[in-house]
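Colleague: If you scroll down you'll find the structure; I have some questions about it.
The values are calculated or read from the model by the stated rules, or taken from the named source; none is laboratory data. Everything quoted here is computed from the prediction, not taken from an experiment. Please note: Cβ atoms are built from the backbone with ideal geometry, for glycine as well, and neighbour counts cover all protein chains shown. Calculation scope for accessible area: heavy atoms of the full protein, side chains included, ligands and nucleic acids excluded. Shrake-Rupley method; radii C 1.70, N 1.55, O 1.52, S 1.80 Å.
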Amino acid sequence: MRVCIVYFSQTGNTQKIAQAIQKQMAKAAEDCTLLRLEEADPAVFSNYDLVGFGLPAFYFREPINVTHFFNDLPDQDPAGRPKPFFFFVTHGGTPGDVYSRIDRLAASRGLETLGFFQCLGVDTYPPFADRKPLTAYGHPDQIDLLQAQTFAIDIIHRAGAYLDRGELKKPQIPGNWIARTVAGFFSEQKIRMRMRQHLLPAKNILPEKCTQCGLCVENCPQGIISLNPYPVIDESSCIACYHCHRICPAGAIDCDWRVFKLMAGEYLRPRSKETSPDQIHYI
Ligand SMILES: Cc1cc2nc3c(=O)[nH]c(=O)nc-3n(C[C@H](O)[C@H](O)[C@H](O)COP(=O)(O)O)c2cc1C
């Protein structure tokens, strides 16, 4: 069996799970290829028997670059039987509607979800970055990684049964209908765009601080930042990950999070004097 896993990860949580799954699957499969989303051509899945996708939850759903990957995926079901598929998600504790959305996106491209894995991943989303401890601090931990490996073995068995004998046990997608409806509401394109306009801050480039190091250009998942001579962002394709703002070593991409923090009740959170050890890892 040939397996391909594509994943999107900015702070390494999903990458750790992807690597644990790949390591385990490589022992049982003929080949298990692991690709970052940025280097994966949507056509790549066509060459494999079993395919998987790893992602973080963003705004109660999948990041928009992930939606685009699935939308661009050629139909994986030309012969009439959907290709076996699995996915995994890391999140800060409120994944919202992400599971059923990925299941639906996959089904629309001729992929059959055999199972999915989810676990917490430390949340360094900028407005929450001064929480002590950070949300989901310490995750994914050793137990998460072991569970991911167990999941990998299970998926290999399920894929074998599906490919050889057509056996399929549909997984239960978690969440109750209220959570799904609320999350679905926030996933609506128009509402999301309004949220972007009114709730999420603009990115202000501060030329006096910018050293033109190019880190934001290299690490933008959409490839929409150029230096001219300071960063210029094509906001029309921005996925609002704020990774450029988060990683700028000079603090030259400035965002005012006060409105967002107010709406999120951030100022009502009890403040701890403890400090978290440095735990932010950028990939
Ligand atoms: C822009 C953004 C939005 C996020 N939205 C959510 C969310 O709605 N729910 C949640 O549980 N976690 C959310 N998170 C936290 C991430 O899902 C979590 O930290 C994930 O493990 C990050 O994965 P990575 O390290 O592979 O990039 C968000 C993080 C970012 C950067």
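Colleague: Pairs to check: Lys83/Lys203; Lys190/Lys261; Lys16/Lys83; Lys132/Lys169; Lys170/Lys261. Give those whose C-alpha atoms are more than 31 Å from each other in this structure.
Modeller: Lys83/Lys203; Lys132/Lys169; Lys170/Lys261
Colleague: Related question: Over the stretch 201-268, what is the mean sequence separation of C-alpha contacts under 8 Å (at least six apart), divided by residue count, expressed as relative contact order in percent?
Modeller: 41 percent
Colleague: Could I ask something else about it? With each pseudo-label sitting 7 Å past Cα toward Cβ, what's the Arg36-Ala264 distance in nm, one decimal?
Modeller: 2.4 nm
Colleague: While we're here: Using a 1.4 Å probe on the protein heavy atoms, what percent of the accessible area of the chain belongs to carbon and sulfur?
Modeller: Heavy-atom surface of the chain belonging to carbon and sulfur, 1.4 Å probe: 53 percent.
Colleague: Show which aspartates and glutamates lie in cross-link reach of Lys27 when reach means a straight Cα distance below 17 angstrom and same-chain residues fewer than eight apart are skipped.
Modeller: Lys27 reaches Asp49, Asp154.
Colleague: Hey, another quick one. Please report the antiparallel percentage of DSSP beta bridges with both residues in the chain, rounded to the nearest 5.
Modeller: 20 percent
Colleague: Using all Cα-Cα distances in the chain, what percent lands in each 5 angstrom bin from 0 up to the longest?
Modeller: That works out to 1, 5, 11, 15, 18, 17, 13, 9, 6, 3, 1, 0, 0, in percent per bin.
Colleague: Which residue, Asp256, Asp141, Asp164, has the most motion in a Gaussian network model of the chain that connects Cα atoms within less than 10 Å?
Modeller: Among Asp256, Asp141, Asp164, the largest GNM mean-square fluctuation belongs to Asp164.
Colleague: Under a 10 Å cutoff between Cα atoms, tell me which one of Leu34, Leu206, Leu120 has the largest fluctuation in the Gaussian network model of the chain.
Modeller: Its mean-square fluctuation being the largest, the pick is Leu206.
Colleague: Please go through the stretch 153-215 and write out the trypsin sites (Lys or Arg not before Pro) that DSSP classes as loop and that have at most 14 other C-beta atoms within 10 Å.
Modeller: Within the stretch 153-215, the qualifying trypsin sites (Lys or Arg not before Pro) (loop, at most 14 other Cβ atoms within 10 Å) are Lys169, Lys209.
Colleague: Please give me the summed charge of the neighbours of Trp257: other residues whose Cβ is under 13 Å from its Cβ, Lys and Arg +1, Asp and Glu -1.
Modeller: Taking every Cβ under 13 Å from that of Trp257, the sum is +1.
Colleague: Go ahead and set up a Gaussian network model of the chain, Cα springs under 10 Å, then flag whichever of His139, His243, His198 fluctuates most.
Modeller: Of His139, His243, His198, the most mobile in the Gaussian network model is His198.
Colleague: Using only the Cα atoms of the stretch 2-165, what are the Rg and Dmax in Å?
Modeller: Calculated on Cα positions, Rg and Dmax stand at 15.3, 52 Å.
Colleague: Here's something else I'd like to know. Based on the alpha-carbon gyration tensor of the stretch 100-142 and its eigenvalue square roots a ≥ b ≥ c, which shape applies: rounded if a/c is under 1.5, prolate if not and a/b is larger than b/c, or oblate?
Modeller: In terms of gyration-tensor shape, oblate.
Colleague: Could I ask something else about it? Once you have a ≥ b ≥ c as the square roots of the Cα gyration tensor eigenvalues for the stretch 1-98, tell me rounded if a/c is under 1.5, and otherwise prolate or oblate according to whether a/b is larger than b/c.
Modeller: oblate
Colleague: Distances over 27 Å make up what percent of all Cα-Cα pairs in the stretch 114-246?
Modeller: 48 percent
Colleague: Over 18 Å, how big is the tail of the calculated P(r) for the stretch 201-268, in percent of all Cα pairs?
Modeller: More than 18 Å apart: 36 percent of the Cα pairs in the stretch 201-268.
Colleague: Going by alpha carbons, how many degrees (0 to 90, nearest 10) lie between the helix axis of 142-165 and the longest principal axis of the chain?
Modeller: The angle comes out at about 40 degrees.
Colleague: Please state the charge dipole magnitude for the stretch 201-268, taken about the Cα centre, from unit charges on C-beta atoms (+1 on K and R, -1 on D and E), reported in debye and rounded to the nearest 20.
Modeller: In total the dipole reaches around 140 debye.
Colleague: Calculate, in nm to one decimal, what Glu235 and His157 gain on full extension: separation in residues at 0.36 nm each, minus their alpha carbon distance.
Modeller: 23.7 nm
Colleague: Hey, in the chain, which Cys have no second cysteine's beta-carbon closer than 4.7 Å?
Modeller: If one checks each Cβ against the other cysteines of the chain, Cys4, Cys32, Cys119, Cys210, Cys213, Cys220, Cys238, Cys241, Cys248, Cys255 turn up with nothing under 4.7 Å.
Colleague: Please give the charge dipole size of the chain, origin at the Cα centre, charges +1 on K and R Cβ atoms and -1 on D and E Cβ atoms. Round to the nearest 20 debye.
Modeller: Roughly 800 debye for the chain.
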